[in-house]
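Notes follow once the structure below has been shown.
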Amino acid sequence: MKNDLHFTDALKLKRPTAFQVMLKPAGPSCNLNCTYCYYLEKNKLYPGIKELRMSVELLENFTKQFIEAHEIPVVTFTWQGGEPTLMGLDFFKKALALQKKYSRGKKIENAFQTNGTKLNDDWCNFFTDNNILVGISIDGTEHNHDHYRRTFSGGPTFKRVMNSIELLHKHKVEFNTLSTVNSYNVHYAHETYHFLKKTGSVFMQFLPVVERIRKKNDEDSLTLIAPIHGEASVTEWSVGAKDFGKFLVTIFDEWVRNDVARCYVQIFDATLANYAGENPGICVFNDTCGDALVMEHNGDLYSCDHLVYPEYYLGNILQTPLVDLAKDQRQFDFGIDKRNRLPQYCLHCDVRYACHGECPKHRFILTPEGKPGLNYLCEGYKLFFNHVEPYMGFMAKELRNKRPPANVMTWIKNRENQVKKRVMPERNEPCPCGSEKKFKNCCASKPPYSVPD
């Protein structure tokens, strides 16, 4: 057992068994060849197998084990890839039949992430009839989306995805959007946010692309490597840290003025939850992790979707029961290491409450003191979390007083009107707050003066 254990760790061990498993029924197989994809090359983990597909026998085995393992009334199956639609509709009809067979009175839910290029009326009817939440991968407007999301022949995919979104609307399928933020579309934040709203997305996820490529490589080895290895360089399609922070700030400033409670952005919700002392609902911004595993097409279980590397392999559910692998000491250690391995630089950071070091996969740069383990995106997250602090503070206060956080939109308008009526002090004049400091060194960077135009 780890030496640095907290009370929350003990609670985690004693709570009812519940964990997520991201299912990859087609493994890394996909009909697209997105430049930044970190999963396509995982087929190297299964040499000699031409078609990676989950068998019905394994599907039934997993379904039974997964439902039985949960000591809570609601169990969610999460389907991803690769591209899960490659399995065909009949596979998922069988999956739901098996869920019903082994449900034992528990409520079963399904979430389905797709690149949106193979949907049709039959798929959409299936989603509607079974209340399946669909996630659509789309990176913004046509030039943003098609820059990296191409077919194997190099063709564009944007129009096919938009056709699928129209079908989802037609069949009244509940969907959200997942957009990567990469070296190209990071410069089009305003355009991307407005476009996603026009698609009808009311829940948005923005996933930063950060990958490192091995300097010395051979055909049989994974090109993109885990953070525990050196001798690697950040890929050209990875987003810059400061650029990512600016991207989030741009979208937040639009959202917090106009769209609170009308449109949900995952990172904004998670930040508010952390600010209010609640569970952020997303592993990367929690203080520990380890509850979101991934299972490949053949039953291989790994610690995390972003860390499907041999070093994070837990075992196969056909040899070891799923619940035993999920509760394995290695997985527990993996989860609390997210907190325990933070460098001192992070432990003393004023935005640690919101970041918690973010994803361990991104912790591969050095702190200013030269210590390892700093998150590559640190500069961007500091920029974002410091910027949103006054707004999050107001919304958290509203929550504590059982008032809607959306009141922040009125609060901002009132403060901006106050600023317009107030004569702005010169930067070298005494600060109007009464301190002995000059305005530029005191309140110039604080609300209401700091409220962006």
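What the table shows:
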{"quantity": "Test result for Gly140, closer than 30 Å to Glu236 by Cβ and buried (at least 18 other Cβ atoms within 10 Å of the Cβ)", "calculated": "yes"}
{"quantity": "Leu272 vs. criteria open to solvent by less than 20 Å² (accessible area, probe 1.4 Å) and either among the hydroxyl-bearing types (Ser, Thr, Tyr) or closer than 26 Å to Arg15 by Cβ (or both)", "calculated": "no"}
{"quantity": "Residue ID - farthest from the chain's Cα centre (by Cα), chosen from residues in the stretch 275-297 that are of a type in the set (S, T, N, Q) and crowded, with 18+ Cβ neighbours inside 10 Å", "calculated": "Thr288"}
{"quantity": "All positions within the stretch 40-64 that are among the polar types (S, T, N, Q) and surrounded by fewer than 20 Cβ atoms within 10 Å (Cβ to Cβ)", "calculated": "Asn43, Ser55, Asn61"}
{"quantity": "Selected residue (only one of Thr35, Thr85, Thr17 is in contact with a strand residue (DSSP E or B) (Cβ under 8 Å, 6 or more places away or on another chain) and either at pLDDT below 95 or not small (Gly, Ala, Ser) (or both))", "calculated": "Thr85"}
{"quantity": "Residue within the stretch 172-188 that is more than 21 Å from the chain's Cα centre (by Cα) and hydroxyl-bearing (Ser, Thr, Tyr) present", "calculated": "no"}
{"quantity": "Qualifying residue in the stretch 412-425 (condition: at pLDDT 95 or above and over 17 Å from Pro280 (Cβ atoms))", "calculated": "no"}
{"quantity": "Matching entry among Glu211, Glu191 (being acidic (Asp, Glu) and surrounded by 17 or more Cβ atoms within 10 Å (Cβ to Cβ))", "calculated": "Glu211"}
{"quantity": "Residue, farthest from Gly393 (Cα to Cα), within the stretch 217-233, restricted to residues that are touching a residue at least 24 places away in the same chain (Cβ under 8 Å) and open to solvent by 60 Å² or more (accessible area, probe 1.4 Å)", "calculated": "Asp220"}
{"quantity": "Any pair with Cβ under 6 angstrom, 6 or more apart, that starts in the stretch 353-378 at a residue that is assigned to a loop (DSSP other than H, G, I, E, B) and of a type in the set (Lys, Arg) and ends at one that is at pLDDT 95 or above and open to solvent by less than 30 Å² (accessible area, probe 1.4 Å)", "calculated": "Lys371/Pro343"}
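For (1) open to solvent by less than 30 Å² (accessible area, probe 1.4 Å); (2) touching an Asp or Glu at 6+ places or on another chain (Cβ under 6 Å), each residue gets a yes or a no:
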| position | (1), (2) |
| --- | --- |
| Tyr38 | no, yes |
| Glu68 | no, no |
| Val75 | yes, no |
| Ala97 | no, no |
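The values are calculated or read from the model by the stated rules, or taken from the named source; none is laboratory data. As the structure is a computational prediction, the values presented were derived from the model and not from experiment. So basically every Cβ, Gly included, is an ideal-geometry build from the backbone, and we count neighbours across all protein chains shown. Accessible surface areas use protein heavy atoms only, side chains included; no ligands, DNA or RNA. Shrake-Rupley method; radii C 1.70, N 1.55, O 1.52, S 1.80 Å.
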